[in-house]
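Take a look at the structure below.
Read-outs throughout are calculated quantities, based only on the coordinates presented, and are distinct from any laboratory measurement. A quick note: this is a predicted structure, and the numbers were derived from the prediction, not measured. Neighbour counts run over all protein chains shown; Cβ positions are idealised from the backbone, glycine included.
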Amino acid sequence: MQNSSGSERFALLGAGSFGEEVADLIDEDPRYQVAAFIEGLDRSKCGRTLHGIPVLWIDDIDQLPGECRVLAAIGSPRRLTFIRQVEQRGLRFGTFVHASAQVSSTARLGAGTYIGPHAVLAAHSEVGSHVIVNRGCLIGHHARIAQGVTLGPAANVAGRTTLGAGASIGMGAQILDGLTVGHSAVVGAGAVVTRDVEPRVQVLGVPARIVKRLEGTR
């Protein structure tokens, strides 16, 4: 990784494999630099470096540079609990859009959102805070993506769709035009959603059907 002095700095929540991927993509962009990873789960990762980047425990985030912005790099809705901890400490969240992504000038992005390589966000789409849009995802016109949604690689969300808070859309899944996926629902990899999905259920298959009802919070 090659860092550029004077670039905007990010601190990444999570020092797992997805965090490594996000760090690599950010540090390849001369506009940005990864200043640190922040861990809140596995303290054994702290007090050392990961690919030359220091790993800090959440209680030590006062060591971050004052201008540093935070971005969650945890690829599951569990990141929201960690995000709330950081918000309580007054840190600001930044948004990262990979240089190869195509984002309409009329699209809106929330704070703390990550847009990966070759993703496409069409006209008048709205993406809420702390959303992860992985590589190659397609988000259609006038789609509404709520807070904390996770889109796996190459997920295809058609126009006028609505994804509820904390929903997870698997790799290569397709959501057809105008449908709603409820909050905290899970759409399995490769599934094709042809009708609305209830909150807190898991759907699989072509066409997608409910295979499990999910308990608790995600």
Margin query: Can you give the local net charge around Val55? Use residues other than it whose beta-carbon is closer than 9 angstrom to its beta-carbon, Lys and Arg +1, Asp and Glu -1.
Written below: +1
Notebook entry, point to check: Excluding Ala143 itself, what net charge comes from residues whose Cβ is under 10 Å from its Cβ, given Lys and Arg +1 and Asp and Glu -1?
Noted result: 0
Next item on the list: With a Förster radius of 22 Å, plug the Cβ-Cβ distance of Ser17 and Thr49 into 1/(1 + (r/R0)^6) and report the FRET value to the nearest 0.05.
Entry: 0.85
Note to self: Could you work out the percent of alpha carbon pairs in segment 96-204 separated by over 24 Å, rounded to a whole number?
What the structure shows: 10 percent
Notebook entry, point to check: With Cβ to Cβ distances under 15 Å as the rule, what net charge do the other residues near Ser104 carry (K, R +1; D, E -1)?
Noted result: +2
Notebook entry, point to check: Rounded to the nearest 500 deg cm²/dmol, what is the calculated helix-only ellipticity per residue at 222 nm for the chain, with -39500 (n - 2.57) per DSSP H run of length n ≥ 4?
Noted result: -3000 deg cm²/dmol
Next item on the list: With a cut-off of at most 14 other beta carbons within 10 Å, and DSSP calling the residue loop, which trypsin sites (Lys or Arg not before Pro) in segment 129-212 qualify? Please list them.
Entry: Arg195
Check: With the Cα gyration tensor of the chain giving a ≥ b ≥ c as the square roots of its eigenvalues, does the rule (a/c under 1.5 for rounded; else a/b larger than b/c for prolate; else oblate) give rounded, prolate or oblate?
Finding: prolate
Notebook entry, point to check: Among bridges DSSP assigns within the chain, what percent are antiparallel (round to 5)?
Noted result: 10 percent
